[in-house]
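The values are calculated or read from the model by the stated rules, or taken from the named source; none is laboratory data. Being a predicted model, the structure only gives us computed values, none of them experimental. No Cβ is skipped: glycine too gets one built from the backbone with ideal geometry, and neighbour counts run over all protein chains shown.
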2 protein chains.
Amino acid sequence: MLNSAPGDSLVNHRLLLAARPSAIPGPEHFTADSLPARVPGAGDVLLESLYLSIDPAMRSWMRDGTGYQQGIPIGEVMRGGGIARVLQSRADGFAAGDLVQARLGWQTHPTIAARYLQKLDLGLGTAEDWIGPLGLSAVTAYFGLRDIGGMRPNDRVLVSAAAGGVGQIAVQIARIEGCRVAGIAGGPQKCAFVRDELRAHAAIDYKAEPNLSAAIGRACPDGVDLYFDNVGGATLDAALEHLRQGARVVLCGRISQTHAEEAYGVRNLGRLAAARGRMQGFLVFNYHDRYDEARTWLAARRRDGSLQQRLHVLDGLDQAPRGLGMLFRGENTGKLVVRLATLAPTHS
Amino acid sequence: MLNSAPGDSLVNHRLLLAARPSAIPGPEHFTADSLPARVPGAGDVLLESLYLSIDPAMRSWMRDGTGYQQGIPIGEVMRGGGIARVLQSRADGFAAGDLVQARLGWQTHPTIAARYLQKLDLGLGTAEDWIGPLGLSAVTAYFGLRDIGGMRPNDRVLVSAAAGGVGQIAVQIARIEGCRVAGIAGGPQKCAFVRDELRAHAAIDYKAEPNLSAAIGRACPDGVDLYFDNVGGATLDAALEHLRQGARVVLCGRISQTHAEEAYGVRNLGRLAAARGRMQGFLVFNYHDRYDEARTWLAARRRDGSLQQRLHVLDGLDQAPRGLGMLFRGENTGKLVVRLATLAPTHS
């Protein structure tokens, strides 16, 4: 399936991990280089990266060998998933112009074995949909609420980091499924987004509330059946005070703890016990066999207009390190992505 | 169904709640009185209490209206379950000499409506079995391990308060079901009991260990699939450090926190999330419809000798307040009960 061969003249710009951060990562932890794009061998595909997803899990990959995946060696390309266009294929089933998702790494023109690529079904959504409401953040929200959270219609649902990549989808799925949803976010802009665009029933600005638990109590006067936690720490502790009987707590993320100097001590587990509640962690990768189910559901809600998305777009590979810092400082509204190229029509 | 009528001459000795404890309860929180036993009306049964069960939940009943059940009003008989013999019945289905279990209260000769009584099936076990391995503590261990904990053969199981009423049964059920079991208990005597009589694979003396987490690591070198927690607090925190992927934490009790001046802050919930683990509380009463299933299983293991029990027996109603203090100081080994009368053969 050899198409035209632009590989020889293409430059692959890359960002390499240069140092392991002790606090919030930024540009100082990366170095750039540029190499000729690797000419694809048999079974390989040369890609042009379009979007890179910026995700909290990246922080753990920057550590040395810990976490649920191996750490990235110093001097290697930063790991990260995204959406790309096929420039040249030497693999069956892929042709120039196809859109794929893959673990591209932070590079403009990766050459990757085809078995690591998934071709995007553009019948389900656009490339922007695939990085957003059909992407892994959205799929995470779907399985977290349904399978881990046991979401039921009329549940009182509380979502933290409600304006973030996973949170914005979680708020909407719960609302679409007939739940009463309150979202926690930082600052008036994000809260307006949660209330007006995501159409949560209530938004809590944790930065403006001297007593988060009291604010949750006002936003959720009947308590919480399902707490979808992207934050951990003191926010989790406050949410536990409002659990209803049989409540479920989904441990999806703990971004408040990623850079905490000392782990926060959660005092209200007695509330979980008294509520006969369940608290559970999960990894979306365990649902790999069911991604299609999630995407079919999400795409239908995207088509009928009930599911909104916001991408927070940074332009250019060199913005990726800054984006990672923004994520951990809570400076993004919506799903944070880096755009490397625009989707001009391809010559087929 | 009127039998002989001893009620007129019988004295009912009672212990009444006199003050709400701020710390560990004891004799100073109760007063005694004695009244003629109440002559049973239609539908009532006059009982002679044989055993009273001393349970951690009693502490919450002594509070003012909080907890999962209403608090006991000052001046009322202390609430508590136990085993009794029918002296006189004015209810269908009950006759003098029958053994029953009920919420007797701390009194020697209660008169109770028959609908609140359950006749003991002596085909399943003796009266001592019904206060021990067929009692609610044992049934709690059964459903906690199986339904909440999702126990599977070969699971690495860790049980705290392993020498206590619930713990001693949990250790044995897990062992009988083919798990590898480690028990945490306080002091060499309890640990010998856990190892030699309950036949746990390992016993951890938390009083002798400067670093409980390290001790758990030595006792459970491959980690923990199922942690059955009767203690909460720092013990829970230490156990979380050893969770295996997919681990389950059963929140059965939190006796370490009942009298803590300040709630302990659990720092290791990140381990639960990273292990994709589940932590869940429950009340045995939610399994009311399935008590027979548990008791049939427990009785069979009792008959074949695989399930041991130890009752820690205090004699006399006046010992009940002291027993409650012993429970919270961890001074009992086995199921703590107060014996009010011995099971002399009844004249039928």
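Things worth noting here:
- Residue within the stretch B:326-333 that is under 16 Å from B:Leu136 (Cα atoms) and either within 16 Å of the chain's Cα centre (by Cα) or in a helix (DSSP H, G or I) (or both) present: no
- Within the stretch A:189-202, the set of residues being in contact with a Lys or Arg (Cβ under 9 Å, 6 or more places away or on another chain) and surrounded by fewer than 24 Cβ atoms within 10 Å (Cβ to Cβ) comprises A:Phe193, A:Glu197, A:Arg199, A:His201, A:Ala202.
- Residue in the stretch B:174-189 that is under 19 Å from B:Val284 (Cα atoms), at pLDDT 95 or above and either not aliphatic (A, V, I, L, M) or not assigned by TED's automatic domain parsing to the domain that holds B:His13 (or both) present: yes
- Qualifying residue in the stretch A:156-173 (condition: surrounded by fewer than 24 Cβ atoms within 10 Å (Cβ to Cβ) and either assigned to a strand (DSSP E or B) or in the same structural domain as A:Pro221 (by TED's automatic domain parsing) (or both)): yes
- Criterion: more than 12 Å from chain B (Cβ to nearest Cβ) and either among the hydrophobic types (A, V, I, L, M, F, W, C) or free of Cβ contacts under 8 Å to residues at least 12 places away in the same chain (or both) - qualifying residue of A:Arg303, A:Arg295, A:Arg290: A:Arg303
Results for (1) touching a Lys or Arg at 6+ places or on another chain (Cβ under 8 Å); (2) outside the structural domain of B:Leu324 (by TED's automatic domain parsing); (3) not aliphatic (A, V, I, L, M), shown as yes or no for each residue.
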{"residue": "B:Gln245", "(1), (2), (3)": "yes, yes, yes"}
{"residue": "B:Val249", "(1), (2), (3)": "yes, yes, no"}
{"residue": "B:Gly265", "(1), (2), (3)": "yes, yes, yes"}
{"residue": "B:Ala294", "(1), (2), (3)": "no, yes, no"}
{"residue": "B:Leu298", "(1), (2), (3)": "no, yes, no"}
{"residue": "B:Arg302", "(1), (2), (3)": "no, yes, yes"}
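- Screening A:Ala215 on (1) part of a helix (DSSP H, G or I); (2) buried (at least 17 other Cβ atoms within 10 Å of the Cβ); (3) more than 10 Å from chain B (Cβ to nearest Cβ); (4) touching a residue at least 24 places away in the same chain (Cβ under 8 Å) shows it passes everything except condition (4).
- Condition met for B:Arg271 (within 15 Å of the chain's Cα centre (by Cα), not assigned by TED's automatic domain parsing to the domain that holds B:Gln101 and not aliphatic (A, V, I, L, M)): no
- Any hit, the stretch A:83-97, residues being polar (S, T, N, Q) and not in a loop (DSSP other than H, G, I, E, B): yes
- Test for B:Leu226: is it touching a helix residue (DSSP H, G or I) at 6+ places or on another chain (Cβ under 6 Å), among the aliphatic types (A, V, I, L, M) and more than 10 Å from every other protein chain (Cβ to nearest Cβ): no
- Of all residues in the stretch A:270-287 being of a type in the set (Lys, Arg) and outside any strand (DSSP E or B), the one that is nearest to the other protein chains (Cβ to nearest Cβ): A:Arg276
- Just one residue in the set A:Gly265, A:Gly316, A:Gly334, A:Gly277 is at positive phi and modelled with pLDDT of 95 or more; that residue is A:Gly316.
- Test for B:Asp225: is it over 25 Å from B:Ala23 (Cβ atoms), acidic (Asp, Glu) and in a strand (DSSP E or B): yes
- The set of residues in the stretch A:228-248 being part of a strand (DSSP E or B) and free of Cβ contacts under 8 Å to residues at least 40 places away in the same chain consists of A:Leu243, A:Gln245, A:Gly246, A:Ala247.
- When residues of the stretch A:242-263 are limited to those that are at the interface with another protein chain (Cβ under 7 Å from one of its Cβ atoms) and not basic (Lys, Arg), the one surrounded by the most Cβ atoms within 10 Å (Cβ to Cβ): A:Leu251
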